[in-house]
Amino acid sequence: MARTTHAPATPTVIDIDAYMLGLGRNASAAARTIAAAGTGAKSRGLQAIAAALNDARAALAEANEVDLAGAKSAKIEQPLIDRLVLDERGIDRMIDGIREVDALPDPIGAITDLEFRPSGIQVGRMRVPLGVIGMIYESRPNVTADAAALCLKSGNACILRGGSEAFHTNSAIAAAIAKGLVEAQLPVTAVQLVATTDRAAVGALLKLKQYIDVLIPRGGRSLIERVSAESAIPVIKHLDGICHVYIDDGADPDMAVQIAFNSKTEKYAVCNAMETLLVAQSIAPRVLPSLRHQFERAGVELRGCAKTRVLLPGIAAAAESDWHAEYLAPILSIRIVAGLDEAIDHIATYGSQHTDVIVSNDYARARRFVTEVDSASVMVNVSTQFADGFEFGLGAEIGISTDKLHARGPVGLEGLTTQKFVVFGNGEIRHR
């Protein structure tokens, strides 16, 4: 199949529907080539993209400055501006993520569960790409590179629609990706950035059922609710990251304080940040005063239940709405519970099935928590902020899913694939 050898020019969009249909057709054609590409060809593409991004550091920094200036001028909220920043460390991490994806085993073509049936046939399952991935996301320009790397490695093409606030940075990243694909002699249309900030492009993207196999929205609640409501295409999503840390009676107090503090403050504007702290009543006097001191030094506003306010006089009262809140800010709600049962009930009632942690040295209680808490990531004695594709060894993630189908938790290579049955025989025919 012929391969594109140059990057398409940035379009002057006149007819959004026609433009988006063109992206869909190009992606569908490219997906067939990428699906058939061998591990070596995909590796050359990923290494070329990483090198092109490294060479483009100055252009990336200049583009990001333009976006940051625009965001500040538009008075965008600070958490979104924080996500928009792409500094030298961010570029390093983006490149490292691509190289880690390259180092991962290629899932495509792997056959598992192969066994002979009484008829003489052999039946197994082969892992295959999904096809074309549509990605809609806000801020976080590194998502452009992460999505491209994961889609390429898993044999998929992708259409990427970033937020208007990151348009220049995303465009600079996309240009480097296109350069890498050209150098590796892979179809440049395997990774296409929607080259317009026109909001109508999102609506048009949601209608491309004939070309796009799955949509992944990554951003605020309003974006994800809109995509879920309007899409004619299957969606992998999460709405909220209402993450909990439960400090159990059997916790080591010093460990509990460190984990709770890091879970909230390592980064505020991330979906894996702790939003509610649950503390068993018997250990609360040993951990909450110390935590109050550390949180207040860090500028975190505390809101507590009645029992918490007895131990920590002067903090704000938590309302019912606080237990439902994803703050993405230096605000924390705290509730003292009787023990493990009440903690699990609270999480079941108010949680978003994203990430929940127990701090305990009691194996039986920790095992109960892991078994009974129905979340995408359930952890023991670690910070919630480890709920991340990079930290889980996925190289990068295209998003975190709180759905149960088709993927759950950080979505890496395997989450961007499916399986088909393969059957091998030697002339067998069926007799009923």
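Nothing in this text is a laboratory measurement; each read-out follows from the coordinates by a stated rule. Computed from a prediction, not measured in an experiment: that's the story for all the values here. Using ideal geometry, Cβ is built from the backbone for each residue, glycine included, and neighbour counts are taken over all protein chains shown.
The table that follows gives values for the structure above.
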quantity	calculated
Percentage of interatomic Cα-Cα distances in region 174-236 larger than 19 Å	43
FRET efficiency, Arg89 to Ala200 (Cβ-Cβ, R0 35 Å, nearest 0.05)	0.45
Shape call, the chain: gyration tensor on alpha carbons, a/c limit 1.5	oblate
Choice from Ser360, Ser228, Ser282 with maximal GNM fluctuation in the chain (Cα, 10 Å cutoff)	Ser282
Cα shape, region 86-160, gyration tensor, a/c 1.5 rule	prolate
Subset of Lys153/Lys179; Lys72/Lys179; Lys207/Lys237; Lys179/Lys420; Lys75/Lys179; Lys42/Lys267 violating a 23 Å alpha-carbon distance limit	Lys72/Lys179; Lys179/Lys420; Lys75/Lys179; Lys42/Lys267
Convex hull of Cα atoms in region 243-386, direction-averaged projection (nm²)	7.0
Extension gain from Met126 to Ala18, taking 0.36 nm per residue of separation minus the Cα-Cα distance	35.3 nm
Virtual spin-label span in nm between His431 and Tyr363, 7 Å along Cα→Cβ	5.6
Residue exposure sequence - Arg117, Arg125, Arg83 - by fewest surrounding Cβ within 10 Å	Arg117, Arg125, Arg83
Contour excess over end-to-end distance, with Cα ends at Phe421 and Ala41 and 0.36 nm allotted per residue	134.3 nm
Label point distance in nm, Arg25-Lys75, each placed 7 Å from Cα along Cα→Cβ	4.5
Helix-derived mean residue ellipticity, 222 nm - over the chain, DSSP H n ≥ 4, -39500 (n - 2.57), to 500	-13000 deg cm²/dmol
Within region 28-59, backbone nitrogen closer than 19 Å to the virtual label 7 Å beyond the Cα of Glu183 toward Cβ	40-59
Estimated inter-spin distance, Asp345 and Thr371, nm [label 7 Å along Cα→Cβ]	2.0
Mean separation of Cα contacts under 8 Å, 6 or more apart, over the residue count of the chain: relative contact order %	19
Residue order, fewest to most beta carbons within 10 Å, for Thr418, Thr276	Thr418, Thr276
Region 153-253 - percent relative contact order, Cα under 8 Å, separation 6 or more	22
